[in-house]
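The structure appears below as structure tokens.
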Amino acid sequence: MTATHSLAAEELTLAYGERLVIEGLDLVVPAGSITAIVGANACGKSTLLRSMSRLLSPRAGRVLLDGKAVHRMPAKELARTLGLLPQSPIAPEGITVADLVGRGRHPYQGVFSRWSREDDAAVAAALEATQTTTLADRAVDELSGGQRQRVWIAMALAQQTDLLLLDEPTTFLDVAHQVEVLDLLTDLNRTRGTTIVMVLHDLNLAARYADHLVALAAGQIHAAGTPAQVLTEDCVRAVFGLDSRVIEDPTSGAPLMLPLGRHHVDTPAEVSPRG
Amino acid sequence: MTAVVPPPAATVDAVARNRVRRSVRRRLVITVLAVLVAAAFVVTLMVGRTFYPLDEVVRVVLGERVPGASFTVGRLRLPRGVLALVAGLAFGLAGVTFQTMLRNPLASPDVIGITSGAGAAAVFGIVILSLGGTAVSTVAVAAALGVALVIYLLSFRGGVAGTRLILIGIGVGAMLNSVTSYVLTRAGQWDYQEALRWLTGSLNGATWEAVAPALVALLVLGPVLLGQSRNLSALQLGDDTAAALGVRVERTRLIAIVCAVGVIAFATAACGPIAFVSFLAGPIAARIVGPNGSLLVPAALVGALLVLVADLVGQFALDTRYPVGVITGVLGAPYLIYLIIRTNRAGGSL
């Protein structure tokens with residue numbers, strides 16, 4: 001497995017109705033690595049991710065996959081190369097894990113084509129990779145939040161795409177499950193070379209797990225590069241309006257951001273966080 | 001892409017077994033339902049003021065001339081039975097299509113006013129415009145599509161939200177039902193039976209002329225809908241997930257709406273809006289099939305079974321003869337109340 005697919009945005013402008021969300025954005029996703037997109041609420045992170053997987057048509061500019069505009073590609077062909085796990089996917093009532101993961105095979109099936117051994121193998125591989133094999137017969141709505149998230153990732157894996165986009169894959173999970181999901185994604189990246197792009201809220205986990213960090217502010221890229229380059233005190237102030245200290249994480253060497261509020265710290269914040 | 005480490009064969013086998021088990025369950029249910037539908041259909045042809053044994057009924061259906069039976073079964077009961085079958089299949093299929101597409105059991109065409117639109121237009125066409133036959137069907141279909149479009153546009157605000165569409169649909173449906181009631185009061189010579197057809201649905205006086213358009217619509221549009229069943233199943237995961245799986249969401253939705261509205265409008269033009277069949281068929285099918293694949297075929301069969309059995313009950317099981325829609329209405333109304341209570345308890349997520 002080599003990372004051969006390139007994903008980039010060129011002069012991308014996105015809008016919902018009259019409201020511009022992203023304006024003239026250029027972004028190159030490094031192939032075979034983990035990219036995390038961070039930014040304040042409503043800065044356009046999810047919108048950018050939706051557009052890169054062509055759920056939202058650009059007002060101007062293009063999203064290019066291997067040099068081709070994704071919005072012009074046949075839907076199923078794109079779905080065999082690029083997968084997306086949205087922020088809140090819906091599990092139909094009573095659906096079992098095996099059934100849900102099997103839905104990931106949709107781009108490989110036509111109206112009349114039958115299930116093949118290959119489809120079963122893809123589902124099995126996805127279950128194994130996410131350690132959900134023993135849950136196969138369980139109903140998805142009976143699972144814990146962490147298990148459910150692994151099952152959704154398994155569905156995206158069954159799609160067997162070289163690129164995987166995830167919109168806040170760790171929301172609603174406790175810290176142990178957040179780390180578990182991010183470890184799983186790192187495994188995928190390291191063993192299969194899957195290019196991963198994810199929107200994350202937790203800056204410190206993003207800095208630790210991402211090879212490439214993109215900080216978004218007001219529909220523009222404020223900074224992009226390695227976590228050490230991007231996650232600085234100036235960047236946190238500019239992107240989140242928050243005073244902070246950034247130190248080296250003693251366990252990983254990645255930058256670690258410590259927020260300074262108005263209380264409980266020796267040198268309180270000069271500016272208060274945005275309301 | 002191939003996995004670096006191939007999955008253990010045991011897991012692949014387990015996945016395959018799991019899948020086979022689910023499809024066996026689904027096929028078994030479909031087979032049993034099909035047998036029951038066939039049995040109910042045959043019974044419909046056999047019983048009545050005069051009882052005809054199975055062999056005579058079969059001979060009539062095969063085109064043989066049987067004194068007595070040929071007229072009663074061939075001219076009276078057969079069109080009625082076929083209409084029950086076609087309408088039941090159409091209501092079941094269209095209902096589950098809407099419910100699946102909008103991810104909400106309340107979203108069936110009879111709850112959100114689409115059948116009311118077809119019914120109101122048919123009554124208006126017959127009573128006010130003195131139309132008949134195909135013209136009535138045409139008006140009904142146009143009205144159903146028009147109502148679907150109006151509901152869609154009224155509830156569209158940067159995307160269609162299920163709950164908003166349902167509430168608007170219920171309102172539109174209530175308006176259209178009042179149109180039907182008003183038009184019926186203008187029809188002085190109209191007898192009670194005929195009025196009930198357009199209020200709750202009835203198979204009385206079914207003729208081949210009335211059955212034919214509904215049958216053709218089902219044969220043409222039904223397969224198109226079945227062709228979309230995989231895409232509809234993907235839509236259950238949410239629009240974004242479906243799109244990420246390579247489903248062209250808007251296109252799927254458009255095809256599904258047009259076909260579902262088409263089959264149900266032609267059926268409604270023939271027998272009126274048989275109450276609650278499209279609303280009930282999907283959830284009943286879901287109960288017996290379980291989460292084991294597309295519900296389109298099972299729900300269509302449940303719809304047919306509901307109409308056939310309800311018509312038998314309405315005709316023969318009670319001391320007065322009731323049109324089929326009265327019986328299905330009695331079944332459907334409590335379920336509607338149950339569903340609303342349950343969704344309220346679940347936090348109103350519908």
Ignoring everything but the protein chains, give the 1.4 Å probe accessible area of residue A:152 in square angstrom, nearest 10. 10 Å²
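Hey, can you list the DSSP H helices of chain B whose Cα span along the axis is 30 Å or longer and whose average Kyte-Doolittle score is at least 0.0?
B:9-46, B:78-101, B:133-155, B:162-186, B:249-271, B:324-345
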Using a 1.4 angstrom probe and counting only protein chains, how large is the accessible area of residue B:59 in Å², to 10? 90 Å²
When chain B is modelled as a GNM with alpha-carbon springs shorter than 10 Å, which of B:174, B:118, B:265 fluctuates the most? B:174
Gyration tensor on Cα atoms of region A:90-160, a ≥ b ≥ c root eigenvalues, a/c under 1.5 rounded, else prolate if a/b beats b/c, else oblate, says prolate
For B:338, B:152, B:52, the accessible-area ranking with a 1.4 Å probe, largest leading, is B:338, B:152, B:52
Measure of exposure for residue A:201: accessible area at 1.4 Å probe, Å² rounded to 10, is 90 Å²
Once you treat every alpha carbon in region A:85-213 as an equal point and sum by Debye, what is log10 I(q)/I(0) at q = 0.15 Å⁻¹? -0.68
Provide Rg and Dmax in Å for the protein assembly as shown, with only Cα atoms included in the calculation. 28.9, 105
Per the Cauchy relation, a quarter of the hull surface: what is the mean projected area of the convex hull of the alpha carbons in region B:86-345, in nm²? 13.6 nm²
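Report the convex hull volume per residue for region A:1-92, counting only C-alpha atoms, in Å³. The partial results should precede the final answer.
Working: hull volume 12.1 nm³, N = 92.
Normalising the Cα hull of region A:1-92 by residue number yields 131 Å³.
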So what is the calculated 222 nm ellipticity per residue for chain A, using -39500 (n - 2.57) for each DSSP H run with n of 4 or more, over all residues, to the nearest 500 deg cm²/dmol? -8500 deg cm²/dmol
All other residues with a Cβ under 12 Å from the Cβ of residue B:100 taken together, and with Lys, Arg as +1 and Asp, Glu as -1, what is their net charge? +2
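What is the sum of charges around residue A:170, taking Lys and Arg as +1, Asp and Glu as -1, for the other residues whose C-beta is under 13 Å from the C-beta of residue A:170?
-3
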Run a plain Debye calculation on region B:1-160 (Cα atoms as equal point scatterers, no solvent) and give log10 I(q)/I(0) at q = 0.11, 0.15, 0.20 Å⁻¹, rounded to two decimals, same order as the q list. -0.77, -1.02, -1.18
Which residue, chosen from A:47, A:27, A:9, occupies the Cα position most advanced towards the positive end of the dipole of region A:1-58, where the dipole is computed from +1 (Lys, Arg) and -1 (Asp, Glu) charges on Cβ about the Cα centre? A:47
In the Gaussian network model of chain B, springs joining C-alpha atoms below 10 Å, which of B:231, B:292, B:18 carries the largest mean-square fluctuation? B:18
Taking only Cα atoms and a 10 Å spring cutoff, compute GNM fluctuations for chain A and point out the largest among A:225, A:94, A:193. A:94
Mind ranking B:91, A:240 by accessible surface for me, highest first, 1.4 Å probe? A:240, B:91
Suppose only helical runs count, i.e. DSSP H with n ≥ 4. What mean residue ellipticity at 222 nm does that imply for chain B under -39500 (n - 2.57) per run, divided by all residues and rounded to the nearest 500 deg cm²/dmol? -23500 deg cm²/dmol
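The values are calculated or read from the model by the stated rules, or taken from the named source; none is laboratory data. Note that this is a predicted model, so its numbers are computed, not measured. Note: ideal-geometry Cβ built from the backbone for every residue, glycine included; neighbour counts use all protein chains shown. We work out accessible area using only protein heavy atoms, side chains counted, and drop any ligands, DNA or RNA first. Shrake-Rupley method; radii C 1.70, N 1.55, O 1.52, S 1.80 Å.
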